[in-house]
1. Calculate how large, on average over all directions, the projected area of the Cα convex hull of the stretch 75-148 is; give the answer in nm² to one decimal.
2. In deg cm²/dmol and to the nearest 500, what is the mean residue ellipticity at 222 nm of the chain if only DSSP H runs of at least 4 residues count, each as -39500 (n - 2.57), divided by the residue total?
3. Simple spin-label model, 7 Å along Cα-to-Cβ: Arg180 to Asn52 in nm?
4. Assuming R0 = 51 Å, what is the FRET efficiency of Ser74 and Gln216, from their Cβ-Cβ distance, to the nearest 0.05?
5. Would you mind working out the magnitude of the charge dipole of the stretch 64-176 relative to its Cα centre, with +1 at each Lys and Arg C-beta and -1 at each Asp and Glu C-beta, to the nearest 20 Debye?
6. Could you tell me how many degrees, from 0 to 90 and to the nearest 10, lie between the Cα long axis of helix 198-210 and the main elongation axis, the longest principal axis, of the Cα atoms of the chain?
7. According to the square roots a ≥ b ≥ c of the eigenvalues of the Cα gyration tensor, what is the shape class of the stretch 181-243, taking rounded for a/c under 1.5, prolate for a/b larger than b/c otherwise, and oblate for the remainder?
8. Using a basic spin-label model with each label point 7 Å from the Cα along Cα→Cβ, how many nm lie between Ala230 and Thr142?
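Just so you know, all these numbers are worked out from the coordinates, no wet-lab data involved. Keep in mind the model is a prediction, meaning the values are calculated, not measured. FYI the Cβ positions are ideal-geometry reconstructions off the backbone, even for glycines, and counts take in every protein chain you see.
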Amino acid sequence: MKIPSSVLKVAVLLGLSLSSVVYATPKDCYDAFDAKNYSKAYKKCLVQANLNDSESQAILGYMYFAGYGVKKDSPKAIELFKKSANQENVLGQRYLGDAYFSGLGVPKDYALSMKWYQKMADKNDNYGAYALGYMYSKGLGTKKDFTLAFNWFKKSASQGNIESQAALGTVYYRGDGVFRDVPTAAMWFRKAADQGHAHAQVCIGKLLQIGEGVPQDLNLAISYYQKSAAQGYPPAIQELTNLGIHIKSKK
């Protein structure tokens with residue numbers, strides 16, 4: 001078997017045995033990371049990242065960013081995110097977009113954040129579509145545009161993104177960029193709530209409590225409040241308190 005020169009270079013560069021590089025695969029990196037075996041993941045992902053696997057670069061970057069299996073190193077993380085993102089890897093683009101959005105590891109730059117989210121959305125990625133919807137709704141990195149926000153939220157929500165489903169409920173309830181439609185708002189709130197979204201659980205709970213857009217059902221409203229409160233969401237705890245239902249604090 002002829003060994004590619006790139007593999008030989010990586011083995012020498014990383015000081016690893018040739019067999020550990022030759023027989024390593026990107027899946028080794030992904031599986032170890034998913035299993036939270038970060039020490040093993042670091043070694044496997046390091047090999048694959050140096051062999052230019054874009055997914056491994058994104059994962060390794062995240063490990064440097066969070067300090068999983070390796071000492072935190074934000075500049076190294078950003079370098080890896082960029083390498084991954086520039087190969088059109090969606091995970092790398094997400095991490096890089098999030099970094100520019102939050103200003104962690106790089107100066108905060110909403111316009112650059114939006115650029116990477118747009119690239120994700122163009123690949124039909126539901127997180128990218130959600131992020132664009134959020135930025136248009138808030139006017140971050142772009143002019144505020146409720147119609148575009150609605151369109152991106154709707155696309156993302158239809159692909160199963162729970163954050164967009166909750167956001168779409170709010171959009172329909174307020175009538176931002178679309179005609180106000182409380183029953184449709186309730187439908188989207190319920191969809192997100194039934195998947196465990198704490199804020200959506202409070203929203204559908206409130207609609208059920210007062211009978212707005214849905215038949216009034218106080219018991220079901222309380223059930224949603226309790227599910228949200230179990231996640232420690234303060235508005236849910238307050239709604240229950242208002243109803244005379246007190247939640248025991250966790251020790």
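1. Averaging across all directions leaves 4.3 nm² for the Cα convex hull.
2. The per-residue figure over the chain is -21000 deg cm²/dmol.
3. 5.7
4. So the FRET efficiency works out to roughly 0.50.
5. Using Cβ point charges on Lys, Arg, Asp and Glu, the stretch 64-176 gives about 140 debye.
6. The helix 198-210 is inclined about 10 degrees to the chain.
7. Details: a/c = 2.13, a/b = 1.31, b/c = 1.63.
Since a/c reaches 1.5 but b/c is at least a/b, the shape of the stretch 181-243 is classed as oblate.
8. 3.8
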